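The values are calculated or read from the model by the stated rules, or taken from the named source; none is laboratory data. Quantities reported herein were computed from a predicted structural model and do not represent experimental measurements. Reconstructed Cβ throughout: ideal geometry from the backbone, glycine too, with neighbour counts over all protein chains shown. Surface accessibility is based on the protein's heavy atoms, side chains included, excluding ligands, DNA and RNA. Shrake-Rupley method; radii C 1.70, N 1.55, O 1.52, S 1.80 Å.
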Amino acid sequence: MTAADTRLKAQTVLALLKSATPLFQSGLLMGSICAAVAIFGTGVPGRVLALSGLIILLLQNYFHWRVRLDTELLPLLISEGEHRFDQALGDIFPDKARTLAARSLEQRLQGTKRLFRIQCGLTLLLTILTLSTLIMQLSHPSL
């Protein structure tokens, strides 16, 4: 793979990462619904589902932060090259920079895509939990 191909692939991954913000925003909305059910809902099963949704929201928040960080760092990696990027990252995170130094750009892009897929999966799981919570509360309000 040529340097131009790698740069195009990295820019494509960057465009993908920029689409993560609506996932997080929808997660916040669903998390708000889960919080409302956890606080005001009736019945243990609905509250347990709602609390599970809040835990998933916290996980999604972490992965969104990681995706946003990669969204900001990926242009630096593309423009400065792996060696200079690792040196700059080493000033902030010495341990992380040492482990990254052995990774190719392709491996780094795979890791970034993995973070994005995890965030998508958490959003899907949160959607399912929120809908289940709402259905349970609306169909059996006393449970």
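Going by alpha carbons, how many degrees (0 to 90, nearest 10) lie between the helix axis of 20-40 and the longest principal axis of the chain?
For 20-40 against the chain, the angle is about 30 degrees.
If you count only protein heavy atoms with a 1.4 Å probe, what accessible area per residue comes out for segment 1-127, rounded to a whole Å²?
58 Å²
Which one, Ile33, Ala10, Leu77, is farthest towards the positive end of the dipole of segment 1-93 when Lys and Arg carry +1 and Asp and Glu -1 on their Cβ?
Ile33
To the nearest 20 debye, what charge dipole does the chain have about its Cα centre, counting +1 at the Cβ of each Lys and Arg and -1 at the Cβ of each Asp and Glu?
Dipole size: approximately 200 debye.
Using a cut-off of 11 Å between beta-carbons, work out the net charge of the residues near Arg114 (Lys and Arg +1, Asp and Glu -1, Arg114 not included).
That works out to +3.
In whole angstrom, note down how far apart the Cα centers of segment 89-143 and segment 4-71 are.
If we compute the Cα centre of each part, the gap is 7 Å.
Report, to the nearest whole %, how much of the accessible area of segment 1-136 belongs to carbon and sulfur atoms, 1.4 Å probe, protein only.
68 percent
Using 5 Å bins from zero, what percent of all Cα-Cα pairs in the chain falls into each bin?
The percentages, shortest bin first, are 2, 10, 17, 16, 13, 11, 9, 8, 6, 5, 3, 1, 0.
To the nearest 10 square angstrom, what accessible area does Leu89 show with a 1.4 Å probe?
Roll a 1.4 Å probe over it and Leu89 shows about 20 Å².
Order the following by accessible area, largest value first: Asp91, Asp70. Probe radius 1.4 Å; ligands, DNA and RNA are ignored.
The residues order as Asp91, Asp70, largest area first.
With +1 on each Lys and Arg Cβ and -1 on each Asp and Glu Cβ, how big is the dipole of segment 1-74 about its Cα centre, in debye rounded to the nearest 20?
For segment 1-74, the charge dipole is close to 20 debye.
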